[in-house]
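Taking it in order: structure first as structure tokens, then the write-up.
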Amino acid sequence: MVWDPWLIVAQIACLQSLFYLSLGALLWLFVGSHVPRFTLKYFFDYSVISVSSFVGWCCIFAFLANAFVGAFYLVVVVERTKKCLDFAATVHLLHALLCLLYASPPASLSFWLTSFLSCLLMTLLGEWLCLQREQREIPLSTGGAGGGPAGSSRAMN
């Protein structure tokens, strides 16, 4: 396989976009009905991820649920077991950077624990799913006219 930096950048952009698309849907589902105004604050402000409020727990649950969804994205976009950690960590580090730019440096322990658990879940489940996909049997025959393998003994005579 040839090293292609543009492919890697495209995969990162695709994963980041899918990450925020599903996170938005999950946050809207879990948090949207409990707050008067649903804004970007719930995506990028570390202070909403808190164990001291119901909305904070809903945000934590949305981020962790998004890790499970993100694992399926890894299977589709990355397709390789050994690359899952790299891409999952990149998605979460870019998210932390965007949180830094949106508000301030994340100083909440609950934010960092949620991010770590989310990255861990996304990586482990993504690796397991990719491994399952990589270990599938490769069909060697196309089921030719004889009903058996394409290189059957009749074809050799």
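Hey, among Cys119, Cys130, which residue is in contact (Cβ under 8 Å) with a residue 40 or more places away in the chain, touching a Ser or Thr at 6+ places or on another chain (Cβ under 6 Å) and in a helix (DSSP H, G or I)? Working first, answer last.
Numbers: Cys119 fails: touching a Ser or Thr at 6+ places or on another chain (Cβ under 6 Å).
Result: Cys130 is the single residue among Cys119, Cys130 that is in contact (Cβ under 8 Å) with a residue 40 or more places away in the chain, touching a Ser or Thr at 6+ places or on another chain (Cβ under 6 Å) and in a helix (DSSP H, G or I).
Out of region 107-143, which residues are hydrophobic (A, V, I, L, M, F, W, C), out of contact with any Leu (no Cβ under 9 Å at 6 or more places or on another chain) and open to solvent by less than 60 Å² (accessible area, probe 1.4 Å)?
The one that is hydrophobic (A, V, I, L, M, F, W, C), out of contact with any Leu (no Cβ under 9 Å at 6 or more places or on another chain) and open to solvent by less than 60 Å² (accessible area, probe 1.4 Å): Phe111.
Restricting to region 91-106, name every residue that is small (Gly, Ala, Ser) and surrounded by 14 or more Cβ atoms within 10 Å (Cβ to Cβ).
Of region 91-106, the ones small (Gly, Ala, Ser) are 96, 103-104.
Once the filter is applied, which keeps residues that are small (Gly, Ala, Ser) and surrounded by 14 or more Cβ atoms within 10 Å (Cβ to Cβ), region 91-106 yields Ala96, Ala103.
Just need a number here: residues in region 44-56 that are open to solvent by 20 Å² or more (accessible area, probe 1.4 Å) and either out of contact with any Phe, Trp or Tyr (no Cβ under 9 Å at 6 or more places or on another chain) or modelled with pLDDT of 95 or more (or both).
3
Inspect all residues belonging to region 24-43 and state whether any of them is β-branched (Val, Ile, Thr), open to solvent by 30 Å² or more (accessible area, probe 1.4 Å) and in a loop (DSSP other than H, G, I, E, B).
yes
Assuming Ala88 fulfils every condition listed in (1) within 22 Å of Leu113 (Cα to Cα); (2) open to solvent by 30 Å² or more (accessible area, probe 1.4 Å); (3) free of Cβ contacts under 8 Å to residues at least 60 places away in the same chain apart from one, which condition is it?
Of (1) within 22 Å of Leu113 (Cα to Cα); (2) open to solvent by 30 Å² or more (accessible area, probe 1.4 Å); (3) free of Cβ contacts under 8 Å to residues at least 60 places away in the same chain, only one is false for Ala88: (2).
When you scan region 61-85, how many residues do you find that are farther than 15 Å from Leu124 by Cβ, β-branched (Val, Ile, Thr) and touching a residue at least 24 places away in the same chain (Cβ under 8 Å)?
The number of residues fulfilling the criteria is 1.
Any chance you could count how many residues in region 65-82 are in a helix (DSSP H, G or I) and either open to solvent by less than 40 Å² (accessible area, probe 1.4 Å) or at pLDDT below 95 (or both)?
Adding up the residues that qualify gives 10.
Given the structure, is Phe61 open to solvent by 70 Å² or more (accessible area, probe 1.4 Å) and over 21 Å from Pro105 (Cα atoms)?
yes
The values are calculated or read from the model by the stated rules, or taken from the named source; none is laboratory data. Since the structure is predicted, the reported quantities are computational estimates derived from the model, not experimental observations. Glycine also receives a Cβ, built like all others from the backbone with ideal geometry; neighbour counts cover every protein chain displayed. The accessibility values were calculated without ligands, DNA or RNA, using every heavy atom of the protein model including side chains. Shrake-Rupley method; radii C 1.70, N 1.55, O 1.52, S 1.80 Å.
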